[in-house]
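Here the structure is laid out as structure tokens; the discussion comes afterwards.
The values are calculated or read from the model by the stated rules, or taken from the named source; none is laboratory data. The model shown is predicted, which means the values in this text are computed figures rather than measured ones. Neighbour counts run over all protein chains shown; Cβ positions are idealised from the backbone, glycine included. Surface accessibility is based on the protein's heavy atoms, side chains included, excluding ligands, DNA and RNA. Shrake-Rupley method; radii C 1.70, N 1.55, O 1.52, S 1.80 Å.
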Amino acid sequence: MAAGDLLSKIELISPSDFAKEKVRAIQEYSLLASQSLSNLFKRPLYMADILQQADLIGFGSLPIVLLTGFFTGAVLALNTAASLGRFGALSLIGQLVSISMVRELGPVLTGLMVAGRNSSGMASELGSMVVTEQIDAMRALGTDPTKKLVTPRVTATVFMLFFLTIISDLLGLIGGSMVATLLLGLDSHEYWSSTYQTLVFQDVFMGLIKPVIFGFIISTVGCYYGMSARGGTQGVGKATTEAVVASSVLIIGVDFFLTRLLIVLLGFR
Amino acid sequence: MTTPLQPAAISPASGQEPSGRAIVFENVSLTFEAKPVLDGVSFCLPRGETKALFGVAGSGKSTILKLALGLMKPDSGHIYVLGEDVTQMREDDLFELRRQIGMVFQESALFDSLTVRDNVAYRLEEEHALPEKEIDARVHEALTFVELGHTMEMYPSELSGGMRRRVAIARAIITQPEVLLYDSPTGGLDPVTSTTIVELIVKQRDVYKTSSLLVTHRLQDAFTMANHYFDRTSNRMQPLAQGSKADVPMTFLILRDGKVIFDGDAQALAQSEDEYIREYIS
Ligand SMILES: Nc1ncnc2c1ncn2[C@@H]1O[C@H](COP(=O)(O)OP(=O)(O)OP(=O)(O)O)[C@@H](O)[C@H]1O
Ligand SMILES: [Mg+2]
């Protein structure tokens, strides 16, 4: 193949076109995200689809969330024990595990797990429907795909991620207690009372608002990449990968700003 | 907001009032990535008529059907469907209009995660107007009509291409919409099955008086439709008696290079002097 052939295959995009493209993508994403919410107030509401998605996302993700939560709490206890031991403050282990788990690691790790599992699932499912004209067929049959497909996924993800995070937090605390009592020889009663007493309203509030936001990110990003898939099976594969990458990065990025905002708003220590 | 302005430019041949037109294309142009696909296309489909669209592959036939449904928007021009200008409508209002239109996609576009029964029942389920039992009966009737009564519980991936096409037809006609858009309903089918489908389209036209646009690559099929009518007493398609030509509301439209080069009935087509058309129909 001549070099000219190869060159002509590489598309040259000017910076302004590139910027326009990105702005358009952000516009489209925002539109989809806002529609997914406003559809909640319009009829029909696809309850059966919401429940089906909730089952898929919630119960489907339960095993990985249980495992991640448990081992995260356990390893957290191991690591903090090393540093706390030096100050002779091993009894603080419960407090450290519970604050890290509830405020930060529970929501973020659960979010990342569900992003990897469901953001990709949504992007590939909706993407295949786009490239096989099933989305067009749905519109032709008089159904709004954002109502029938996007809103149920968003609702179900937000709802289920909230509960999955609570379960993950709990499993983290159990993992921590296993390490504290079995490996470090701490009193189990002492561990649990310190984890419980140290949590204040702000910690819990922060830990519960995060999964709501993350669930919204995971589902809207997954649906957006799926709905904008182009170019056959390859396009669907690309959409799937991009959805996981984008939602994971967004979760971590948004987590920082959200934490900062909540600290300011709630007047933390 | 979407009160349609009736176009004055095109007057239907029969001289009916505006509501007598199911679909009107008015100077519609569309360009895909610097490639003009439609270039000032105008035509009118009177109510109750079936119009067959011809043109070589890639001439924009499927595009015309998608434009009529409002699935995409033209760069310029207006499209009126059942009196409403779909080029100016919001997506929300389009969903209402589309409920009165049935579409058979070229690649069938069945929902692959739903069974054949649920695919065909889709519209009825969405409308929540009927009890499940009634829906089952209607689905069975529609599927029997296309000779697929036994496939109710199968998934589209388990069917052959021709069977999928017929399921798509059953899905489109189950609510008896006022307008039907068929995209190559007989493409790639054996002669026996395609005759069944031709008969079905003729029945829609003559019994239910549905207005339809029909994309096809087989001139043969369209000529069959033009010289047959549906006889209710025998419940079969019958040839028109010699001499009573153009009795059925069937017309032809040929696209070339984004323009309409022929729009008229079978008789006019047979008498056309245009070289390209002569070659096309020979
Ligand atoms: N989404 C799209 N993006 C870019 N170009 C498109 C798109 N859809 C159709 N086209 C182009 O528009 C032209 C007309 O396509 P269309 O599908 O309407 O052809 P057709 O007449 O239905 O052909 P066929 O007889 O093969 O079905 C083709 O050249 C095609 O490449
Ligand atoms: Mg086509």
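Extension gain for the segment A:LEU182 to A:ILE252, taken as residue separation times 0.36 nm less the Cα-Cα distance, is 21.9 nm to one decimal.
Looking at chain B alone, DSSP beta bridges between its own residues are antiparallel in about 60 percent of cases. Its Cα centre serving as origin, region A:46-266 has a Cβ charge dipole (Lys and Arg +1, Asp and Glu -1) of approximately 320 debye. Around B:CYS44, with a cut-off of 11 angstrom between Cβ atoms, what is the net charge of the other residues, counting Lys and Arg +1 and Asp and Glu -1? My count for the surroundings of B:CYS44 gives 0. Within the accessible area of region A:110-269, the carbon and sulfur atoms contribute 71%, probe 1.4 Å, all protein chains present. Solvent-accessible surface, computed for protein heavy atoms with a probe of 1.4 Å, shrinks by 50 Å² or more for the following residues of region A:126-140 when the other protein chains are added to the isolated chain: A:GLU133, A:GLN134, A:ARG139, A:ALA140. Projecting the Cα atoms of A:GLN95, A:ALA243, B:PHE32 onto the charge dipole of the protein assembly as shown, computed from C-beta unit charges around the Cα centre, puts A:GLN95 farthest toward the positive end. Calculated accessible area for chain B comes out at 45 Å² per residue, all protein chains present (probe 1.4 Å; ligands, DNA, RNA ignored). Connecting C-alpha atoms closer than 10 Å in a GNM of chain A, tell me which of A:GLN202, A:GLN52, A:GLN27 has the biggest fluctuation. Residue with maximal mean-square fluctuation among A:GLN202, A:GLN52, A:GLN27: A:GLN27. Model label points for B:ALA241 and B:GLN176, set 7 angstrom from Cα along the Cα-to-Cβ axis, are 2.9 nm apart.
Below 19 Å Cα-Cα, how many Lys pairs turn up in chain A? Only count pairs eight or more apart in sequence, or on different chains, if you could.
Step by step, the pairs that qualify in chain A add up to 4.
The charge dipole of the protein assembly as shown, taken about its Cα centre with unit charges on the Cβ of Lys, Arg, Asp and Glu (plus for the first two, minus for the last two), comes to roughly 800 debye.
Expressed as a rounded percentage, what relative contact order does region A:46-266 have, with Cα pairs under 8 Å and six or more residues apart?
The normalised contact order for region A:46-266 reaches 36 percent.
For chain B, the Cα-based Rg and Dmax, in that order, read 18.6, 56 Å. Rolling a 1.4 Å probe over the protein heavy atoms gives region A:46-266 an accessible area of 43 Å² per residue. Residues of region B:34-83 losing 20 Å² or more of accessible area relative to the isolated chain, 1.4 Å probe, heavy atoms only? When all protein chains are present, B:LYS66, B:LEU71 each give up 20 Å² or more of accessible surface.
With contacts taken as Cα pairs under 8 Å and at least 6 residues apart, chain B reaches a relative contact order of 23 percent.
Short to long, the 10 Å bins of the Cα pair-distance histogram for chain A hold 7, 25, 28, 19, 13, 7, 2, 0 percent of all pairs. Calculate I(q)/I(0) for region A:9-70 by the Debye formula, one identical point scatterer on each C-alpha and no solvent, and give its log10 at q = 0.12, 0.16, 0.22, 0.29 Å⁻¹ to two decimals. Log-scaled intensity ratios, in q order: -0.65, -0.79, -0.92, -1.10. List, by residue number, every residue in region B:107-126 with a reduction of 40 Å² or greater in accessible area between the chain on its own and the complete protein assembly, 1.4 Å probe. The answer is B:ALA109, B:PHE111, B:TYR122, B:ARG123, B:GLU126 - residues whose exposure falls by at least 40 Å² when every protein chain is included.
Dividing the alpha-carbon radius of gyration of region B:51-107 by the rule-of-thumb value 2.2 N^0.38 Å gives 1.16.
Of the solvent-accessible surface of region B:147-271, computed with a 1.4 Å probe and all protein chains present, 50% belongs to carbon and sulfur.
In plain terms, the chain from A:ARG24 to A:LEU45 could stretch by 4.7 nm, reckoned as 0.36 nm per residue minus the Cα-Cα distance. Only protein heavy atoms count here, probed at 1.4 Å, and on that basis chains B and A bury about 1700 Å² of accessible area in total.
Summarised as an ellipsoid, region B:192-259 has semi-axes of 22, 14, 12 Å, derived from the eigenvalues of the Cα gyration tensor scaled by 5 and square-rooted, with the largest first. Most fluctuating residue of A:MET47, A:MET113, A:MET227 in a GNM of chain A with Cα springs under 10 Å: which is it? Evaluated over chain A, the most mobile residue of the options is A:MET47. The Cβ shell under 14 Å around A:THR240 holds other residues with a net charge of +1, Lys and Arg each +1, Asp and Glu each -1. Note on chain B: GNM, Cα springs under 10 Å; of B:GLN238, B:GLN271, B:GLN220, the largest mean-square fluctuation is that of B:GLN271. Computed with the Debye formula from one identical point scatterer per Cα of the protein assembly as shown, without solvent, the log10 of I(q)/I(0) at q = 0.10 Å⁻¹ comes to -0.90.
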